[in-house]
Structures are given as structure tokens and as C-alpha cells.
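So that we are looking at the same thing, I have put the structure below in C-alpha cells.
Readers should treat all values here as calculations from the given coordinates under stated rules, not as data from a laboratory. All of these numbers come straight from a predicted model, not from anything done at the bench. In this analysis, Cβ positions are derived from the backbone assuming ideal geometry, glycine residues included, and neighbour counts consider all displayed protein chains.
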Amino acid sequence: MNANLKKFLSFLLMAFLLGLVSCKKDEEVEPNPTIADNGSTTSAGVGDTISINALVVAKAKLKSIEVRFDNRTLTTKTRFTNDESDNFTFTFFVDSTRAGQTLRFTVVAIDRKDRSANKDFSVTIRSRVAPTTPPADTTSTGTPAPLSSPQSFTWERVGSSAGTGLSEFGLAWTSNTSTAAIIRKDAQKLVKLSASQYNSITTRPALKAAIDAAADIPDFRDISVQSNRTYSDLIIGTIKNNVYYIIKIEESTVSSSSAGTRVTVKGVYRN
């Protein structure tokens, strides 16, 4: 074998070995699955349905996605339209036993090489529970019972998920117009009241008379879903379980996430 042929064969062998090493390195650096929050619920009240939304990516292709809670697996997904990424969603109904708790859900992603990643999602549940019977209209001495002190509330909707924080007032939020939230009646009555009524009504009998006299409406569409707003005159009244509420909407904020637009509404109420 002449020297030139030996050099040529040695070159081919070296190139082959370098190719094997390169392939092995490529396999070794292929990343583990990743999980990112995709607009999940962060706070809710009793009676709400919360949503855990995650963007899961696996370059080695997805094998499964699980949700774990209280040391048990709540759901496992194994079928994917795109096996390298998935917009994963899981919903959970908040019952009265969860009042005042912080719920921690863990999303676990496993790829086809059995490599895994996990991410915790925490949801704070408000401590108050909506009353199921109406409070008394009079005090022990027979005078009109005063309304409760103002208490704060937060409503929130992300993308197409149902809004949270509204159920205790007999309201629901499952859709928007192009400009406004559609807050619809989901209990006995929904009415519009005035800013002057919010300031002048101080007793339960007075609130009951005002809501009973007002026209019932199917929904309320005055909260912006386009930009941040503050409000001074958005007052509504509701009845749920024969409990009367007067609600003052004070602000709404709008932000974007990969799960869709997040709209947060804050204000105070009395009953």
C-alpha cells in the first residue's frame, strides 16, 4: 500500500470518528423538557374554577404531562397534536374546604428519553365564603341593620378561561366584546345603581329596597378590556342566596400573556 493511499484511508477514518463524536455530542446537549407559565390563575375564591396553563417544550418529543396535587396525580396527558410542544391546560373547581388556602399544583413533563422537568403553580384562595342565608335586616334593638364595612374583591380573566372571583356575588364572566367585559347575571338579580346610591345607602333594608326597585339586567358591559382604567361611578347590585350586595368597581388593568389577554378588575363591596 503506497503512502498516499495510507494517508487517504487515515483521513477517511479520522473523519468517520469525528462524525461519531459529533453525533454523540449532539445527543448529549439535547435539552431537557421546559415548562413555562402561560397565564395561569393566581388567586380565586370559593366557587371559582381555576386554570393552570403551561407551555411545555420537549425537543426529544413529549411522552406525557402530569398534574400533581396533594401527593396524587390528578391528570395525565399522553396524546399531543405537536409532540415537541404543547399549550397545556388544566382546570380545578374550588370548593369551600379550600377557603384561605394556598393551593400548589406541580406540572411534570416527561420526554421520550424519560427525562423530566417540573414546575409549581400556586393559587391563593380567599378566606371568605359567601353567605348561604341572608343576614338580619334589623339589629337586636329593632333598628335597621347597617351594611358591612367595605371589603375588597378581585376579578380576573385570562384568555378564554372563565373569570374568577365573581361567583360569590352571583356573577359570571366567560366572554368579552371587542372593547368590554361581559359580566353576566348568574343568580337572582343584577342591577345598575348610581354613585350617589353607593354613598347614601348605609343599611340593609335601604339596599334591599334599592335593588328590588331597580330594573333587572342580563349583563353589565362597562369594564374596559382594551386599556387600564379607573372608575368612579360603576356601581352594580346583585342578589345571591337572598343576600343583597352593592359593588363598586374601581379599576381594571389589562396585560398580555401567551395564553391571551389578562384583565384584572378590583373594587369594594358591602352587604
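Long-range amide H contacts for Val225: which residues qualify at under 5 Å (H placed 1.01 Å from N, peptide plane, sequence gap of 5 or more or a different chain)?
Amide H neighbours of Val225, under 5 Å, 5+ apart: Ala180, Ala181.
At 7 Å along the Cα-to-beta-carbon direction for both Arg112 and Arg72, put a label point, then send me their distance in nm to one decimal.
3.3 nm
Over 15 Å apart: what share of the alpha carbon pairs of the range 34-125 falls there, rounded to a whole percent? Spell out each step's value before the answer.
Values: 2376 of 4186 pairs.
The proportion of pairs with Cα distances above 15 Å equals 57 percent.
May I pose another question? With Rg/Rh (Cα atoms, Kirkwood Rh) as the read-out, I listed (1) 1.26; (2) 1.10; (3) 0.98; which label goes with the value calculated from this structure?
Answer label, from the structure shown: (1).
Enter the Cα centre distance for the pair the range 250-270 and the range 87-106, rounded to the nearest angstrom.
That distance is 20 Å.
Now, a different point. Show the residues, 5+ positions off or on another chain, whose built amide H is closer than 5 Å to the amide H of Asp186.
Answer set, sorted by chain and number: Leu171, Ala172.
Starting from the 7 Å offset along Cα-to-Cβ, what nm value, one decimal, do you get for the label separation of Thr133 and Ser258?
Distance between the two pseudo-spin positions: 5.0 nm.
Run the dipole for the chain about the Cα centre, Lys and Arg Cβ at +1, Asp and Glu Cβ at -1, nothing else charged, and hand back the magnitude in debye, nearest 20.
Roughly 480 debye, rounded to the nearest 20.
Taking the dipole about the Cα centre of the chain, with the C-beta of Lys and Arg at +1 and of Asp and Glu at -1, give me whichever of Leu234, Leu171, Pro150 is farthest to the positive side.
Toward the positive end, the furthest listed residue is Leu171.
Simple spin-label model, 7 Å along Cα-to-Cβ: Val268 to Asp95 in nm?
Placing both labels 7 Å beyond Cα along the Cβ direction yields 3.5 nm.
Additional query: Using θ = phi - 60° and the Karplus relation 6.51 cos²θ - 1.76 cosθ + 1.60, list the HN-Hα couplings for the range 62-70 in order, rounded to whole Hz, with x at every Gly or Pro.
The phi angles translate into 6, 9, 6, 10, 10, 10, 10, 7, 6 Hz.
Quick one: what do you get for the range 151-270 if you divide its Cα Rg by 2.2 N^0.38 Å?
The range 151-270 yields a ratio of 1.03.
Next question. Could you tell me how many degrees, from 0 to 90 and to the nearest 10, lie between the Cα long axis of helix 204-213 and the main elongation axis, the longest principal axis, of the Cα atoms of the chain?
Value to nearest ten degrees: 80.
Using only the alpha-carbon atoms, how far is helix 3-29 inclined from the longest principal axis of the chain? Give it as 0 to 90 degrees, nearest 10.
It works out to around 20 degrees.
For the range 80-131, what is the largest minus smallest coordinate of the Cα atoms on each principal axis, given in angstrom and ordered from greatest to least?
Computed over the range 80-131, the largest-to-smallest principal extents equal 50, 20, 12 Å.
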